[in-house]
Amino acid sequence: MGDIEIRDDRAAGRLEAVADGEVVGRIEYFPLDTPEHALVPVHTVVEPAHEGKGIAGSLARELYAVAAREDGAVAPLCPYVATWAERHPDQAPAAGPELIRAAKEWLAAHPGRF
């Protein structure tokens, strides 16, 4: 397997890990504007043949980097991203309770999105 490229498909709400032209992992997310600009990851998926290679962690790291470049936050509803953030507090600033609550409310109001 060659190098992993991570690309942001904002229109589709996916941060994708691509190897040799194939999407091998992704974080599905949505942007939130209130109470602050944030990216809200909901699911992390790595194709079984590519598990154990650090792809999910690379995706989580890049999601936080994208949010930081946009002067935004990350409100992790995805269990994997939440756990990754707890393990990497230097790279993943914690989201406040109001932001998490707003993210959960948005997700509940859009049941068919994910």
query: Would you pick out the residues in the range 67-83 that are over 21 Å from F114 (Cα atoms) and either open to solvent by less than 20 Å² (accessible area, probe 1.4 Å) or out of contact with any helix residue (DSSP H, G or I) (no Cβ under 9 Å at 6 or more places or on another chain) (or both)?
result: A68, R69, E70, D71
Residue satisfying condition, being open to solvent by 50 Å² or more (accessible area, probe 1.4 Å), closer than 22 Å to F114 by Cα and hydroxyl-bearing (S, T, Y), within set T44, T34: T34
message: Can you tell me which of (1) over 15 Å from P31 (Cβ atoms); (2) touching a residue at least 40 places away in the same chain (Cβ under 8 Å); (3) surrounded by fewer than 16 Cβ atoms within 10 Å (Cβ to Cβ) is the one E62 doesn't meet?
response: (3)
message: Being at pLDDT below 95 and of a type in the set (D, E, K, R) is true for just one of R61, R69, R14, R10. Which residue is that?
response: R10
task: Kindly establish whether G52 is open to solvent by 50 Å² or more (accessible area, probe 1.4 Å) and more than 11 Å from I27 (Cβ to Cβ).
output: yes
query: Which of the residues spanning the range 84-111 are farther than 13 Å from V42 by Cα and open to solvent by less than 80 Å² (accessible area, probe 1.4 Å)?
result: W84, A85, H88, Q91, A92, A95, G96, L99, A102, A109
message: Where the second residue is at pLDDT 95 or above and the first is of a type outside the set (A, V, I, L, M) and lies in the range 89-104, which pairs have Cβ atoms under 6 Å and are six or more apart or on separate chains?
response: Q91/Y64
- request: Kindly provide the set of residues from the range 52-88 that are farther than 16 Å from E5 by Cα and of a type in the set (D, E, K, R), ordered by number.
  value: R69, E70, D71, E86, R87
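The values are calculated or read from the model by the stated rules, or taken from the named source; none is laboratory data. Remember, it's a predicted structure, so these values are computed and weren't measured experimentally. Heads up, the Cβs are rebuilt from the backbone with ideal geometry, glycines too, and the neighbour counts pull from every protein chain shown. Just so you know, the surface numbers come from the protein's heavy atoms only, side chains and all, with ligands and any DNA or RNA stripped out. Shrake-Rupley method; radii C 1.70, N 1.55, O 1.52, S 1.80 Å.
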